[in-house]
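Input: one structure, supplied below.
The values are calculated or read from the model by the stated rules, or taken from the named source; none is laboratory data. Quantities reported herein were computed from a predicted structural model and do not represent experimental measurements. Please note: Cβ atoms are built from the backbone with ideal geometry, for glycine as well, and neighbour counts cover all protein chains shown. Accessible surface is based on the protein model in full, side chains and every heavy atom, while ligands, DNA and RNA are left aside. Shrake-Rupley method; radii C 1.70, N 1.55, O 1.52, S 1.80 Å.
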Amino acid sequence: MLTLDFPGSRTLIDAIDAAVAKPDMHELTDSLRNSLCRLIRDKAVTLPDCVFEANAEHYARRELYRSEEHGYCVVAMTWGPGQGTPIHDHDGMWCVEGVWNGALEIVQYELVEHDAQRYCFQAVGSIQAGAGSAGSLIPPHEYHSIRNPSDDAITVSLHIYSGPMMRCSVFQPLPEDRWYGRDVRQLGLDRVH
């Protein structure tokens with residue numbers, strides 16, 4: 001179901017549909033990542049104007065499409081200057097994320113140990129992702145944080161999830177070094193207009 005029509009939406013949906021038909025998760029995400037990079041760089045898709053409007057309170061999540069046939073959904077995220085996320089997961093879903101414009105700093109984490117109340121993470125990689133780049137997360141390797149490193153520019157990224165992502169676990173630092181507390185966060189969507 002297309003939430004809002006935009007130039008190239010059919011091209012984007014056809015590319016995603018072709019990728020999700022792949023039998024293996026790694027093939028699927030590789031194909032989707034490559035298609036997304038190509039579509040961004042070729043300017044084959046023009047996202048709606050509203051996704052370039054930042055929300056001063058938090059990064060914005062705007063659902064553009066949800067596949068009734070395959071179950072995946074496409075969410076545009078708008079990151080105001082300096083906006084970002086804490087360490088979080090994707091609630092067990094695969095995801096392919098592409099930077100539409102601007103740049104994002106993505107830090108990946110490995111869960112080293114945990115008990116009933118605390119989680120210990122180790123950063124295992126950090127990348128500066130610019131426009132036209134894409135990456136993927138496949139559980140159980142899904143712990144990461146995202147941040148717009150710019151002091152004055154808006155960044156827009158496109159996220160394709162295996163299903164509607166309406167909640168995730170977020171991890172906040174505890175006083176003990178490298179330990180985090182876990183909370184489940186219900187995720188909302190910002191209005192598309």
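Roughly how many Å² is the accessible area per residue of the chain, as a whole number, for a 1.4 Å probe?
Normalised by residue count, the accessible surface of the chain is 49 Å².
Pairs of Cα atoms under 8 Å, at least six residues apart: use those to get the relative contact order of the range 68-132, whole percent.
Worked out over the range 68-132, it gives 30 percent.
Can you pull the Rg over Rh of the range 56-146, Cα-only, Kirkwood?
Dividing the radius of gyration by the Kirkwood radius yields 0.98.
Of all the stretches in the chain, which is the longest one without any exposed loop site, taking GluC sites (Glu not before Pro) in a DSSP loop (any state but H, G, I, E, B) with at most 15 other Cβ atoms within 10 Å?
Free of exposed loop sites, the longest segment is 70-175.
Let me ask another. Quote the relative contact order of the chain in percent (integer), defining contacts as alpha-carbon pairs under 8 Å separated by 6+ residues.
Rounded, it is 26 percent for the chain.
If you don't mind, there's one more thing I want to ask. On full extension of the chain, what length is gained from Asp5 through Asp49, given 0.36 nm per residue of separation minus the C-alpha to C-alpha distance?
14.7 nm
Taking amide H positions as placed 1.01 Å from N in the peptide plane, with prolines and chain starts having none, which residues 5 or more places from Asn101, or on another chain, fall under 5 Å of its amide H?
Here Val156 satisfy the definition.
Computed over the Cα atoms of the range 7-114, what is the ratio Rg over Rh, Rh following Kirkwood?
On the Cα set of the range 7-114, Rg over Rh gives 0.97.
Next question. If you take the beta carbon distance between Glu110 and Gln172 as r and set R0 to 22 Å, what does 1/(1 + (r/R0)^6) give as a FRET efficiency, to the nearest 0.05?
About 0.75, to the nearest 0.05.
Report the equivalent ellipsoid semi-axes for the chain in whole Å, largest first, defined as the square roots of five times the eigenvalues of the gyration tensor built from alpha carbon atoms.
Each semi-axis is the square root of five times an eigenvalue, giving 27, 19, 15 Å.
Note down the magnitude of the dipole of the range 62-193 about its Cα centre, charges +1 on Lys and Arg C-beta and -1 on Asp and Glu C-beta and zero elsewhere, to the nearest 20 debye.
It works out to roughly 240 debye.
Assuming 1.567 mPa s and 4 °C, estimate D for the range 32-87 with Stokes-Einstein, Rh taken as the Kirkwood radius over Cα pairs, in µm²/s.
Roughly 99 µm²/s, to the nearest whole number.
Okay, next question. Suppose we flag trypsin sites (Lys or Arg not before Pro) only when DSSP calls them loop and at most 11 other Cβ atoms lie within 10 Å. Which is the longest uninterrupted stretch of the chain?
The segment 44-190 is the longest one with no such site.
Now a separate question. Per residue of the range 134-149, in order, report the coupling 6.51 cos²θ - 1.76 cosθ + 1.60 (Karplus, θ = phi - 60°) as ³J(HN,Hα) in whole Hz, putting x for Gly and Pro.
Karplus-based 3J(HN,Hα) across the range 134-149 equals 8, x, 9, 10, 10, x, x, 8, 10, 7, 6, 10, 10, 8, 7, x Hz.
Hey, another quick one. Accessible area of the range 17-62 with a 1.4 Å probe: how many percent of it is carbon plus sulfur?
Result for the range 17-62: 46 percent of the exposed heavy-atom area is carbon or sulfur.
Also, quick follow-up: List every residue whose amide H lies under 5 Å from the amide H of Asp91, counting only residues 5 or more places away in sequence or on a different chain, with H placed 1.01 Å from N in the peptide plane.
Ser169
Let me ask something additional. Say a paramagnetic label sat at a point 7 Å from the Cα of Ser126, along Cα to Cβ; which residues of the range 62-86 have their backbone N under 17 Å from it?
82-86
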